[in-house]
Amino acid sequence: MQTLTETKTLELATSAAAEAAPDPVRVCFLIDDLAAAGTESQLLALIDRLDRGRVQPYLCLLRGQGSGSRALEPENCPVWRMGVGSLCRPATLVQAMRFIRFLRRERIDVVQAYFPDSAYFGLPAAWLAGVPHRLRTRNNLGHWLTPLHRRLGRLLNRIGTGTVVNCAAARNALLAAEGAHANTVTILENGVDHGRFLAVPPLSVRTGVGGRTIGAAANLRPVKGLDLLLDAAALLSSDHPDLVCQIAGEGEMHGALEESARRHGLADRLHLLGSVADVPTFLSGLDIAVLPSRSEGMSNALLEYMAAGRPVVATAVGAAAELIDDGVHGLLVPPNDARKLAEAIDRLLKNPGLAKHMGDAARRRVRERYSREAMVERFTDFYERLSA
């Protein structure tokens, strides 16, 4: 039994420890909407796993009124839907004033904005609110940039205090296009929840060249290069008459891809699956996973392919060369070259032992370097350095 003196001493020690513990860094994440896409999934995973004793997150949605976005809202984080439409409407100024008051009231230390509209809205408001750290996020190579976007980006460099990117290629593209100071751009790499992919069996070594499945998980947009994947499949069809191509994703190119398959005589061998919630099961059905993109930052799909232990053929864009040592974890090919893409796929189809070896090596690399836990720690350390 503790004496009164011992109890008092313990209480004083506990009180002193509580007073010495630093307050968590208050980070407000601002994004247009939530969707089942790469950037949004990385943000939601980060919010879910942050240690609230070190970082207190807030999530503000510039719009956020749609049912799809609402369904993805995290339960363990305050969420504010602002319902902002066009940034040029007078009502947007009212919402900006409310946002400024919110930032001051919650004593926000860091505002981190994702996507252009959120950055154009959020960084000036954070500056007016006196938020000390005002960040924008660029997780691509800026393939969509217009001259106006470049000018606005240079303006944001003055209003903001830094930019977060997910790979060296994105950093280099930002420096070249918008003239940011190199010491204000920080690389914080993505991570993948490799635990979700543990149940995916290793690739089996099968003899012969028939009955194989190649595929991709991607939004059906031109930048993802899925038309090149179909062109490559057409080139492979004579040597691999039983080859099947599966694509998981939704987007504007659905009809164009179906038409391309008919034109190539592949209509019965192309399976457009739409949005797939169970990505590990989808990948377990592939013999080769393909990333035919014309432009990428650090591709979440590529990380998932590797976590599933699938041999990868990827275009050498963005962080692909950082993730994959060509010939070790997969094969890299030039972008916009369907013939080179077909040759690399053919090489793995005809060498199943090599394909399995590459898939196993890719899985090991993701576990060692690109786990979600490692990603969260990178972001947490970054926010604490800013706060200090």
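Where a number appears in this text, it was derived from the coordinates with a stated rule and is not lab data. No experiment lies behind these values; they were computed from the predicted model shown. Neighbour counts run over all protein chains shown; Cβ positions are idealised from the backbone, glycine included.
General remarks:
- Correct option for volume of the Cα convex hull per residue in Å³ [calculated from the coordinates] among [x] 209; [y] 168; [z] 152: [y]
- Take every pair of alpha-carbon atoms less than 8 Å apart whose residues are at least six positions apart; their mean separation over the length of the chain yields a relative contact order of 15 percent.
- Annotation: peptides 23-35, 173-185, ranked by per-residue average of other Cβ atoms within 10 Å with the highest first, follow the order 23-35, 173-185.
- Per-residue [θ]222 nm for the chain (sum of -39500 (n - 2.57) over DSSP H runs n ≥ 4, rounded to 500): -14000 deg cm²/dmol
- Dividing the convex hull volume of the alpha-carbon atoms in the stretch 194-369 by its residue count gives 95 Å³ per residue.
- Convex hull per residue volume in Å³, alpha carbons only, for the stretch 16-134: 99 Å³
- Residues Arg369 and Arg105, FRET efficiency given R0 of 41 Å [Cβ-Cβ distance, rounded to 0.05]: 0.55
- Taking other Cβ atoms within 10 Å as a rough exposure proxy, Trp80, Trp144 sort from fewest to most as Trp144, Trp80.
- Acute angle (nearest 10 degrees) that the helix 372-387 long axis makes with the longest principal axis of the chain, alpha-carbon atoms: 40 degrees
- A full extension of the chain between Asp23 and Asp239 corresponds to an added length of 71.4 nm, given 0.36 nm per residue minus the alpha carbon distance.
- Tilt relative to the chain, helix 226-236 - C-alpha long axis, 0 to 90 degrees, to 10: 30 degrees
- Cα long-axis angle, helix 90-105 against the chain (0 to 90 degrees, to the nearest 10): 60 degrees
- Sequence ranges 111-120, 84-93, ranked by mean other-Cβ count within 10 angstrom, highest first: 111-120, 84-93
- Pairs of Lys residues in the chain, spaced 8 or more positions apart or belonging to different chains, with C-alpha separations under 27 angstrom: 5 in total.
- 18 Å cut-off, amide nitrogen to a point 7 angstrom out along Glu384 Cα→Cβ, residues in the stretch 176-201: 188-189
- Label-point separation in nm, Arg263 to Asp360, each point 7 Å along Cα→Cβ: 4.2 nm
- Ordering 58-71, 311-324 by mean Cβ neighbour count within 10 Å, with the highest value first, yields 311-324, 58-71.
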